[in-house]
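The values are calculated or read from the model by the stated rules, or taken from the named source; none is laboratory data. Because the structure is a prediction, the values reported are computed rather than measured. Here the Cβ is made from the backbone with ideal geometry for all residues, glycine too, and neighbour counts use every protein chain on show. These area figures cover heavy atoms from the full protein model, side chains too; ligands, DNA and RNA do not enter into them. Shrake-Rupley method; radii C 1.70, N 1.55, O 1.52, S 1.80 Å.
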Amino acid sequence: MSNNAKVAAGGVAAGLILLIWLPWWAALLIVLGVPAAAYLALDPSQRRRLRRVSRREIGR
């Protein structure tokens, strides 16, 4: 299993655990808020590089 698949499986497992323990709106806030906060924590040059890589992968 690749690293990306392991991260995805871990994210799904964490999301299911959060849905069981927390109300659905709190779990949704965490699931959407953590990646958004991580993106906002990047430098502008890192954000440009991330967008460039994402576009390149989409255009494959």
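At-a-glance table
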| item | result |
| --- | --- |
| For the chain, convex hull of alpha carbons as volume per residue, Å³ | 104 Å³ |
| Protein accessible area in the chain, 1.4 Å probe - carbon and sulfur % | 68 percent |
| Solvent-accessible heavy-atom area per residue, rounded to whole Å², over the chain at 1.4 Å | 89 Å² |
| Additional length obtainable on full extension of the chain from Trp21 to Ser54, 0.36 nm per residue less Cα span | 8.6 nm |
| Label-point gap, in nm, between Ala38 and Val7 - each point 7 angstrom along Cα→Cβ | 0.6 nm |
